[in-house]
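Quick note: the coordinates plus some simple rules give every number you see, no bench work behind them. From a predicted model like this one, the values you see are computed outputs, not experimental measurements. All Cβ positions, glycine included, derive from the backbone under ideal geometry; neighbour counts span all protein chains shown.
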Amino acid sequence: MTTICSLREAVAELIHDGDSIAMEGFTHLIPHAAGHEIIRQGRRNLHLVRMTPDVIYDQLIGAGCASRLTFSWGGNPGVGSLYRLRDAVENAWPHALEIEEHSHAGMATRYAAGAANLPFGILRGYVGTGLPEHTSGIKQISCPFTGESITAVPALRPDVAVVHAQRADREGTVQMWGLTGVQKEAVLSAQRSIVTVEEIVDELTPMANSVVLPSWVLTAVCHVPQGAHPSFAMGYSTRDNAFYKAWDPIAKDREVFTAWIDRHVRGTADHEEFCQSIGLGVHAGV
Amino acid sequence: MTTICSLREAVAELIHDGDSIAMEGFTHLIPHAAGHEIIRQGRRNLHLVRMTPDVIYDQLIGAGCASRLTFSWGGNPGVGSLYRLRDAVENAWPHALEIEEHSHAGMATRYAAGAANLPFGILRGYVGTGLPEHTSGIKQISCPFTGESITAVPALRPDVAVVHAQRADREGTVQMWGLTGVQKEAVLSAQRSIVTVEEIVDELTPMANSVVLPSWVLTAVCHVPQGAHPSFAMGYSTRDNAFYKAWDPIAKDREVFTAWIDRHVRGTADHEEFCQSIGLGVHAGV
Amino acid sequence: MSDAAYTTDELMIVNAARQLGSLAASGHPVCFVGIGLPSTAANLARHLYRPSPVLVYESGCIGSKPTRLPLSIGDGELAETADAVVSVPEIFAYWLQAGRVDVGFLGGAQLDKYANINSTVIGEYEHPLTRLPGAGGAPEIAASAGTVMVIMRQSKRAFVERCDFRSSVGYGDGPGDRERFGLRGGGPKWVITDLGVLEPDPTSCELCMVALHPGVTPEQAISATGWPLRFADALHTTDMPTTLELETLRELQAA
Amino acid sequence: MSDAAYTTDELMIVNAARQLGSLAASGHPVCFVGIGLPSTAANLARHLYRPSPVLVYESGCIGSKPTRLPLSIGDGELAETADAVVSVPEIFAYWLQAGRVDVGFLGGAQLDKYANINSTVIGEYEHPLTRLPGAGGAPEIAASAGTVMVIMRQSKRAFVERCDFRSSVGYGDGPGDRERFGLRGGGPKWVITDLGVLEPDPTSCELCMVALHPGVTPEQAISATGWPLRFADALHTTDMPTTLELETLRELQAA
């Protein structure tokens, strides 16, 4: 059963040092505000799980929150590298980051297996690539009917899933629409979940291409307008492509990065202050 | 790539004696008109596949079209038995019907595996029941990571899938909404597909809870208003519960059944005549 | 209120709804319901108890709040009033199998003393005397739901020593079998009949009569059971259906 | 039109779009596209050829018809103009893996002579000189798409004898490897570069230069390739980008 609370309370209560956390959102609806709150609260040794680590994990890694990363594609889409991720892998800065690397299809299969309470999932994948040599959880099994070789990957069962959605009702039932990626699977595969939403409404009107997560499968719902920025929430905001480009020089340099995090994230009390700090207006609603 | 054609042409072209056919629709959107057309064209030795055989397969079985049935629950929902199915299994009338019996979860898993081009699917199921003793395609496999025993079932890959939907656009892209059951998986698991629709429109407006099947994954789309009767199409018709109750005495008796099929199905040229024959008005649209 | 003031169907529905009510105390119980008595009982409980049960239908509806009783599992009203509508593969994989269902409902043609149920065939499988509908959702409901409630009329023909076919597993052949089969759910906890309520003995797993409905004698229960029926030490009598229960139920059915 | 009238990006995009155009003749080619040059090429082809290519994005969009070029794979426009939007697990399982994609696009940091691609690390995996983004969707695109088109700038650093890491499989170590790996798709059929077009030799599976862009010499291609480059007997010169191609592309990019 979900609780509607502040993001600060949700992170304090539900995310602990050493937890595995899956913060999902495929370009759209990335829960950046929650990432900042984790940095603010100084979590350590997190096992970060995400198909596309993106700027959100670049920040968590550079801020020293993570000791392990499970992922399938780590770049700043359309811009270039994730320099904090690279610096951790290449130079162990701020400390070493153990990586567990999959393909997109494999990660999606792993989340789906977790959501379905299966110990593993199957796909046609990975064969002939270098991944099985370096990632332990990729095995071949035989189809019991045809004898064909099929790839098995272990289910993902993160301690916490964190996603962003357009809205929730007052009971905490959440609705998201547009590209909803692997978020349903991430939430349903996790032990606990935090959902940040643009808006809390009296009633959820039906929308095309929407995913609804009933309040009783969620742990915490937090009202955080612009909580996906620089990612976006269809119907509420557009992607801040300029921010993604501006991130590149910030992330490139350890000191510039740390100064940015100190000023805008550690130096602000919450997402509202963060938005003011970077000069971002808060939208008026859908 | 799909062709928009008459149901008569689609059945003549795409369904052959001996084919395995999956006609799906979970209470809602059952493709009854297509079932009647198969009876009219006198197909034989069909392998019928469907989670809930229902009245639609009671008619096909009683009319002598089928020699094999793969299913998980065969009743007239809320009413009672499927007497033609029972007569075939219990007394081999009009001839023997080989059955392959699964659970709902198993059938859903099998369709999903077929749609995903996997040779099998996995679930926690069947264990301890009498089904594995009588159904060959149920095996236990070990999780390659945990050693846990998990049930494997073979993918369903029917020759033809037949479903009913609310509407299609003029290119043959199909949209259905409300309860859409296992229809996406049935269509995507099959080699060929026929979709009957209530309406063909210039543009498909987005709907909540809708499934869209692009024209290029379908083989034939046929405009058949009321094509689900006595099942229904949300937005176009309501379930004809009286018909389901009236079916009970018709199906109970071989001669009454045959007379009904001869008069209303074999004795009519198409679904429009069928509707007139049973006194069913055709709706005016959504 | 006299015996004749309610039907045995109403009696079973009211008692099933009460069980859901007792679960509601610890949060919205999530119920995986089929059409018929289970759906009616769950909807009655939704009107009588808070927090109200959440209704999940195998047709893909999650959180349906029908204002009238659905006639079929695919009733349009179930989809229209649902929090979410998902595909059939998803409802079984992500919701039932994942352990998100607190209470599953089952019924059938035969029930044995270990709460295994037959809804497949009477007689031999290959040459059945009566071909029944089959297992449907039952095997996985029985395996994965947190608990299972069985609603069935009690008779010697239905309550048998051993089922002709095992469509869904209760306690198998006795203690330890559920664990051996790797079943995650807790198994059948209550069997609501027209004569009373049976529950599995915590040690032997055998179904024992724990309550009789008003006016029902132990002898009636014994003679309606195909195995040597045992009774709980604290055998009690169920409360008569109240006016509120019956009126709420009848309003629902008339809607 | 002089060389300077178009950029090498435009040249690659136009040539990739033409390949899609040649496939369009036998029906709408279904393209699984990533952002960047592939998306631009596929969108250009959508404007130039009939039947037009169907665009599928790994973010879950099927049949997107963007009026301007998407900036990211999750651009709102892609969802708004799609025939269907599905989940990420579904796009990989029911659409890519199922064999419903005719053409997949790939690029990377390294390509070897058997069209294997590296987008993971330069140097050793455990101690990389450069950590690249990783495999993403590539392993399964390379495995399951009907054919694969690679778009990459040609240089000695990128076109290598052997990739430091194999993120996606072309022809492995040569003939028979795709079959041995059980890969269902046909593998890379075209490599479009800034110098010309390479195709696998039908016998040896080795990538050979089949065409050079206008003004490019064989020597330029040889010196931009890290393996002893072979040329097709019928080496031809690609057509100069036409005014229509360039104008359509530039309008798209300006929209």
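For the range B:10-92, applying the loop criterion from DSSP together with a ceiling of 15 other beta carbons within 10 Å to the trypsin sites (Lys or Arg not before Pro) yields B:R44.
Once you wrap a convex hull around the alpha carbon atoms of the range B:1-132, what is its projected area averaged over all directions, in nm²? Show your work: numbers first, answer last.
Working: hull surface 36.9 nm².
The Cα convex hull of the range B:1-132, projected and averaged over all directions, gives 9.2 nm².
Once the other residues with Cβ under 15 Å from the Cβ of B:G181 are scored (Lys, Arg +1; Asp, Glu -1), what is the net sum? Before the final figure, lay out the partial values.
Working: positive: B:R50, B:R110, B:K184, B:R239; negative: B:E24, B:D54, B:E185, C:E58, C:D75, C:E90.
Here the count lands on -2.
Across B:E101, B:E171, B:E203, mean-square fluctuation computed from a Gaussian network of chain B (C-alpha pairs under 10 Å connected) peaks at B:E203. Taking +1 at the Cβ of each Lys and Arg and -1 at the Cβ of each Asp and Glu, which of C:T130, C:C205, B:V163 sits farthest along the dipole of the protein assembly as shown towards its positive end, judged by Cα position relative to the Cα centre? Selected residue: C:C205. For chain B, relative contact order (Cα pairs under 8 Å, six or more residues apart, normalised by length) works out to 23 percent.
Amide H to amide H, with H built 1.01 Å from N, A:H102 comes under 5 Å of A:F71, A:S72, counting only residues 5 or more places away or on other chains.
The GluC sites (Glu not before Pro) found in the range C:18-117 include none that occupy coil by DSSP while having at most 15 further C-beta atoms within 10 Å. When the helices of chain A are scored as -39500 (n - 2.57) per DSSP H run of n ≥ 4 and the total is divided over every residue, the value at 222 nm lands at -8000 deg cm²/dmol.
Considering Cα pairs under 8 angstrom that are at least six residues apart, work out the relative contact order of chain D and quote it in whole percent.
Numbers: 553 pairs, mean separation 45.4, N = 255.
18 percent.
Under the simplified labelling scheme, the A:R263-A:N91 pair shows an inter-label distance of 2.1 nm, with each label point 7 Å from Cα along Cα→Cβ. Between this copy and the others, label points of C:E219 are 11.5 nm apart in ascending order, each placed 7 angstrom from Cα in the Cβ direction.
What full-extension length gain, to one decimal in nm, is calculated for D:T217 and D:R153 as 0.36 nm per residue of separation minus the Cα-Cα distance? Spell out each step's value before the answer.
Working: separation 64, 0.36 × 64 = 23.04 nm, distance 1.56 nm.
The span from D:T217 to D:R153 would gain 21.5 nm if fully extended.
Taking 7 Å steps out from each Cα toward its Cβ at A:V79 and C:L129 produces label points 7.5 nm apart. Pairs of Cα atoms nearer than 8 Å and 6+ residues apart set the relative contact order; for the range A:1-155 it is 15 percent.
Would you mind estimating how fast the range D:1-152 diffuses translationally, via Stokes-Einstein at 25 °C and 0.890 mPa s with the Kirkwood radius over Cα pairs, in µm²/s?
Values: Rh = 16.1 Å.
So the translational diffusion coefficient is about 152 µm²/s.
What does the charge count around D:T67 come to, taking other residues whose C-beta lies under 14 Å from its C-beta (Lys +1, Arg +1, Asp -1, Glu -1)? Charge balance in the 14 Å sphere: -1. Each of B:H223 and C:T7 was given a label point 7 Å from its Cα along the Cα-to-Cβ line. The distance between the two points is 4.6 nm. For the protein assembly as shown, the spherically averaged projection of the C-alpha convex hull amounts to 42.6 nm². Summarised in one figure, the compactness ratio Rg/Rh of chain B, Cα atoms and Kirkwood Rh, is 0.97.
Based on Cα coordinates alone, diagonalise the gyration tensor for the range D:127-255, multiply each eigenvalue by 5, take square roots, and list the semi-axes in whole Å, largest first.
Values: eigenvalues 132, 78, 57 Å².
After diagonalising the Cα gyration tensor, the semi-axes are 26, 20, 17 Å.
A cut-off under 15 angstrom between Cβ atoms defines the neighbours of A:S277, and their net charge, with Lys, Arg +1 and Asp, Glu -1, is -3. What the Cβ-Cβ distance of C:W227 and B:T146 gives, at R0 = 56 Å and to the nearest 0.05, is a FRET efficiency of 0.90.
Note on chain C: helix-only mean residue ellipticity at 222 nm, from DSSP H runs of 4+ residues weighted -39500 (n - 2.57) and normalised by residue number, equals -7000 deg cm²/dmol.
Annotation note: GluC sites (Glu not before Pro) in the range B:11-60 located in DSSP loop regions with a Cβ neighbour count of at most 16 within 10 Å are absent. The Cα center of the range C:55-123 and the Cα center of the range D:130-175 differ in position by 47 Å.
Hey, fewest Cβ within 10 Å first, where do A:D54, B:D87 land in order? Don't skip to the end; give the middle numbers.
Working: A:D54 28, B:D87 23.
By the 10 Å Cβ count, ascending, the order reads B:D87, A:D54.
Counting every other Cβ atom within 10 Å of each residue's Cβ, D:M209, A:M23, A:M176, A:M1 order from fewest to most as A:M1, D:M209, A:M23, A:M176.
I'd like the distance separating the alpha-carbon centroids of the range A:212-286 and the range A:1-64, in whole Å. Here the two parts' Cα centres lie 12 Å apart.
The simple Förster model, with R0 at 30 Å and r as the Cβ-Cβ distance, assigns D:R180 and A:E100 a FRET efficiency of 0.65. Averaging 1/r across all pairs of distinct Cα atoms in the range D:8-254 and inverting the result yields a Kirkwood radius of 18.2 Å.
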